[in-house]
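The block underneath contains the structure these notes are about, expressed in structure tokens.
The values are calculated or read from the model by the stated rules, or taken from the named source; none is laboratory data. This structure is a prediction, so every number in the text was calculated from the model and none was measured. Every residue, glycine as well, gets a Cβ built from its backbone with ideal geometry; the counts of neighbours run over all protein chains shown.
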Amino acid sequence: MVKHYNIPIFLPELACPFRCSYCNQATISGQSHIPSESEMIALIERNLNSFPKGNNHIEIAFFGGNFTGLPTRIQRNALQVAKKYVCNNQVQGIRLSTRPDYVDSEKLLLLKENGVTTIELGAQSLDEEVLLRCGRGHTAADVHQASALIKAEGFSLGLQMMIGLAGDTLSRALQTAHQIIEAGADETRIYPCLVIRGTELEQAFLKGSYIPLSLDEAVAWTAQLVLLFEKAGVKIIRLGLHPSEELNNEGLIAGPYHPSFKELVMTKIWKNILLANNEWPGCSELQIEIAPKERNFCIGFEATNKKWLLTRFKNIRFIANDAVSDRNFLLKPILSCSS
Ligand code: SF4
């Protein structure tokens with residue numbers, strides 16, 4: 001099986017013309033300066049040496065800012081460092097994240113010439129009011145236009161979304177997901193909006209004019225979004241922010257952060273599936289057979305689904321069964337069951 005690895009290189013938001021209300025990239029990424037060529041090489045080499053040998057697909061990933069808004073010289077230097085590793089077959093691709101209003105044919109040509117394979121756009125929301133209120137400085141039309149150009153030039157397209165921004169609702173988040181799918185995204189990331197120290201959102205939160213989603217709300221919304229993206233074949237490459245020292249220490253003021261956010265979402269999806277089931281055998285001891293990769297999610301984060309089922313059944317076993325696919329499951333009485 002192919003294993004995927006990213007070598008993340010953070011380029012802070014020096015090129016952003018606006019400051020989004022929720023953004024303090026230095027806190028989120030733990031990086032506050034553009035790394036030099038030698039720093040990038042050292043970081044790439046360190047990562048390459050740490051990956052186990054085998055059937056790997058490795059990408060160098062420029063994250064954290066507005067890549068295509070950086071001066072062309074800085075973009076070219078960074079890309080040329082990465083491209084050498086592509087040419088040597090040490091890595092298989094280059095990805096980067098940028099703003100939708102900083103994408104045009106000329107910028108894409110530079111990326112193409114330098115081996116970029118995937119472009120991720122911070123779409124965040126495709127609702128105009130939400131975009132306006134969070135100070136993104138671009139419209140939904142900018143996202144659609146940039147997405148079309150990126151697809152037309154043959155790049156793989158990622159569209160990231162953020163839920164729970166000021167003015168966001170579940171229905172607006174679902175609409176955003178539908179539009180991301182229609183825009184032809186190959187992959188997405190879903191981040192719940194957090195209140196980070198030093199941001200405009202922190203001020204709004206302290207004044208009481210912004211209330212973040214609760215963790216339960218963020219998990220429930222994301223569970224619905226995940227099902228939409230899965231059905232449309234859009235790969236979900238991240239749910240929730242990576243923990244970082246800055247975030248864990250003093251950076252996080254409020255909001256639905258959890259280091260195991262993905263596990264919480266998968267637990268919720270399974271809880272919903274189990275709740276919707278109305279064909280439970282009439283016995284008190286039960287075996288649930290599920291696909292091996294779903295077993296832990298079905299049991300739930302900290303066994304929450306198991307504990308919940310144990311309020312209804314005397315004994316529950318979760319058995320991995322290769323013959324069961326996706327999120328299907330088989331219910332079987334345990335032998336001692338009398339009914
Ligand atoms: S575009 Fe991204 S990096 Fe720039 S201010 Fe907004 S969130 Fe921060």
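Just a few scattered comments:
- Selection count, the stretch 112-132, where residues are crowded, with 16+ Cβ neighbours inside 10 Å and out of contact with any strand residue (DSSP E or B) (no Cβ under 9 Å at 6 or more places or on another chain): 1
- Within the stretch 281-305, the only residue that satisfies the criterion of being under 15 Å from Leu264 (Cβ atoms) and part of a loop (DSSP other than H, G, I, E, B) is Gly300.
Residue by residue, here is whether (1) exposed (fewer than 15 other Cβ atoms within 10 Å of the Cβ); (2) within 16 Å of the ligand (Cβ to nearest atom) holds:
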position	(1), (2)
Cys134	no, yes
His138	no, yes
Ala152	yes, no
Ser156	no, no
Asp168	no, yes
Glu182	yes, no
Tyr191	no, yes
Leu201	no, yes
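- Looking only at residues in the stretch 1-18 that are within 11 Å of the ligand (Cβ to nearest atom) and modelled with pLDDT under 85, the one that is surrounded by the fewest Cβ atoms within 10 Å (Cβ to Cβ) is Pro17.
- Residue list for the stretch 266-284, restricted to those being over 21 Å from Phe229 (Cα atoms) and surrounded by fewer than 17 Cβ atoms within 10 Å (Cβ to Cβ): Leu275, Asn277, Asn278, Glu279, Trp280, Pro281, Gly282, Ser284
- Qualifying residue in the stretch 65-88 (condition: part of a strand (DSSP E or B) and either away from the ligand (no atom under 16 Å from the Cβ) or within 14 Å of Leu11 (Cα to Cα) (or both)): no
- Yes/no for Ser21 being within 16 Å of the ligand (Cβ to nearest atom), assigned to a loop (DSSP other than H, G, I, E, B) and at pLDDT below 90: no
- At least 1 residues being over 14 Å from the mean Cα position of the chain (by Cα) and touching a residue at least 60 places away in the same chain (Cβ under 8 Å) is the threshold, and among the strands (runs of 3 or more DSSP E) wholly inside the stretch 176-280 those reaching it are 252-254.
- Qualifying positions in the stretch 52-64 - outside any loop (DSSP other than H, G, I, E, B) and more than 16 Å from the ligand (Cβ to nearest atom): Asn56, His57, Ile58, Glu59, Ile60
- Asn55 vs. criteria surrounded by fewer than 20 Cβ atoms within 10 Å (Cβ to Cβ), in contact with an Asp or Glu (Cβ under 7 Å, 6 or more places away or on another chain) and in contact (Cβ under 8 Å) with a residue 40 or more places away in the chain: no
- Count of residues meeting criterion [in contact with a strand residue (DSSP E or B) (Cβ under 8 Å, 6 or more places away or on another chain) and small (Gly, Ala, Ser)] in the stretch 141-151: 2
- Subset of the stretch 89-132 [within 16 Å of the ligand (Cβ to nearest atom), over 15 Å from Phe63 (Cβ atoms) and among the basic types (Lys, Arg)]: Lys107
- Residue match in the stretch 70-86 (condition: within 26 Å of the chain's Cα centre (by Cα), farther than 13 Å from Leu111 by Cβ and among the small types (Gly, Ala, Ser)): no
- The stretch 91-101, residues that are touching a strand residue (DSSP E or B) at 6+ places or on another chain (Cβ under 7 Å) and not in a strand (DSSP E or B): Val91, Gln92, Arg99, Pro100
- Neighbours by Cβ (under 8 Å, 6+ apart or cross-chain): first from the stretch 60-71, assigned by TED's automatic domain parsing to the domain that holds Val116; second away from the ligand (no atom under 11 Å from the Cβ) and in a loop (DSSP other than H, G, I, E, B): Ile60/Val91; Gly64/Gln31; Thr68/Val103; Leu70/Ile34
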